[in-house]
1. Can you find even one residue in the stretch 196-209 that is surrounded by 20 or more Cβ atoms within 10 Å (Cβ to Cβ), part of a helix (DSSP H, G or I) and not polar (S, T, N, Q)?
2. Is there any pair with a first residue in the stretch 128-153 that is touching a residue at least 40 places away in the same chain (Cβ under 8 Å) and over 17 Å from residue 62 (Cβ atoms) and a second that is open to solvent by 20 Å² or more (accessible area, probe 1.4 Å) and of a type in the set (Asp, Glu) whose Cβ atoms are under 7 Å apart and which are 6 or more apart or on different chains, and what are they?
3. Looking at residue 248, is it of a type in the set (Phe, Trp, Tyr), on the phi < 0 side of the Ramachandran plot and assigned to a helix (DSSP H, G or I)?
4. Please state which one of 124, 139 is touching a Phe, Trp or Tyr at 6+ places or on another chain (Cβ under 6 Å), at pLDDT below 90 and surrounded by fewer than 19 Cβ atoms within 10 Å (Cβ to Cβ).
5. Looking at this structure, is residue 174 surrounded by 17 or more Cβ atoms within 10 Å (Cβ to Cβ), in a helix (DSSP H, G or I), in contact with a Leu (Cβ under 6 Å, 6 or more places away or on another chain) and among the hydrophobic types (A, V, I, L, M, F, W, C)?
6. Restricting the search to the stretch 221-239, which residues are surrounded by 14 or more Cβ atoms within 10 Å (Cβ to Cβ) and part of a helix (DSSP H, G or I)?
7. Does residue 224 count as in contact (Cβ under 8 Å) with a residue 40 or more places away in the chain, more than 21 Å from residue 92 (Cα to Cα) and among the charged types (D, E, K, R)?
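The values are calculated or read from the model by the stated rules, or taken from the named source; none is laboratory data. As the structure is a computational prediction, the values presented were derived from the model and not from experiment. For neighbour counting, all protein chains shown are included, and Cβ atoms are generated from backbone atoms with ideal geometry for every residue, glycine included. What goes into the accessible areas is simple: the full protein's heavy atoms, side chains included, and nothing from ligands, DNA or RNA. Shrake-Rupley method; radii C 1.70, N 1.55, O 1.52, S 1.80 Å.
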Amino acid sequence: MNEPQQKWTETIDADHSLFDLKLKEVWRYKDLVYMFVKRDFVSSFKQTILGPIWFFINPILTTIVYLVIFGRIAKLPTDGAPPLLFYLAGVTLWNYFSSSLLATSSTFTGNAGIFGKVYFPRLVTPLSIVISNLMRFGVQLILFILAWAYYYSKGEVHPNIWILATPFLIFLMALFALGVGMIFSSLTTKYKDLAMLLGFGVSLYMYATPVIYPVSSLPGFFKKLAYYNPLTGIFECFKYAWIGVGDFSPAMLGMSTIIILILLVIGIVVFNKVEKTFMDTV
């Protein structure tokens, strides 16, 4: 008597396109994404005295330090914007990008134990990191909006229609952190010292990004060079939209979008290639 043929509900196949993001598969595992997001968000203030208040304390203290060092001592210009609000805008955006990038870059090495025991779309982990950091960013954005509302009531800021582009700017930052993070997470499975190099590189990258200074203050050559930094268009557009200052143009944001999309595609290809064999090298 012939036994009934078994039908598999899941087929794991390493032979797939390097450009395949498996978004349908990721959607099926949306509950797992939620669990990872909840874990990352809760663990960030678990066993702390002040809890979620740290999300406010971090940008406040950082902004005060920048205000004293770069505003009072170095006397860097802010294009006429209130220095406190100018630095707070830069700190808020930078905190989200840097934390997402650094956390995403350790996707393979940090989750090797889970990856080796159970199957799920590997893209779930970097996506959950970007989303959980987005929740932290939302808390810090509230702080920025409260400060912005104060200066707006005094007539010291001049927002414009570009303020509607804020969700798109956040989306671009998320894609940038995701793309570059996937590239480094793939490389660090074989070259462990790249993780330390990335931490140092991100610190230097902040000074190449208009976080503590406006692009208009840069001399000719460095100003042109800054346009090729994908974050320049994002930061300048955000400050121009909310505060009404900055050397911003739509072409600058277009350049940022193109570069970010290219890096995202490279990240997808490298990530999909490495995920097939990373357990042999991690």
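1. yes
2. 128/40; 129/40; 132/40
3. Answer is no for this residue.
4. 139
5. Against the criterion (surrounded by 17 or more Cβ atoms within 10 Å (Cβ to Cβ), in a helix (DSSP H, G or I), in contact with a Leu (Cβ under 6 Å, 6 or more places away or on another chain) and among the hydrophobic types (A, V, I, L, M, F, W, C)), residue 174 does not qualify.
6. 223, 226, 230, 231, 232, 233, 234, 235, 236, 237, 238, 239
7. Against the criterion (in contact (Cβ under 8 Å) with a residue 40 or more places away in the chain, more than 21 Å from residue 92 (Cα to Cα) and among the charged types (D, E, K, R)), residue 224 does not qualify.
Let's see how each residue does on (1) modelled with pLDDT under 95; (2) in contact with a helix residue (DSSP H, G or I) (Cβ under 7 Å, 6 or more places away or on another chain); (3) hydrophobic (A, V, I, L, M, F, W, C):
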position	(1), (2), (3)
156	yes, no, no
159	yes, yes, no
168	no, no, yes
172	no, yes, yes
185	yes, yes, no
193	yes, no, no
200	yes, no, yes
250	yes, no, no
255	yes, yes, yes
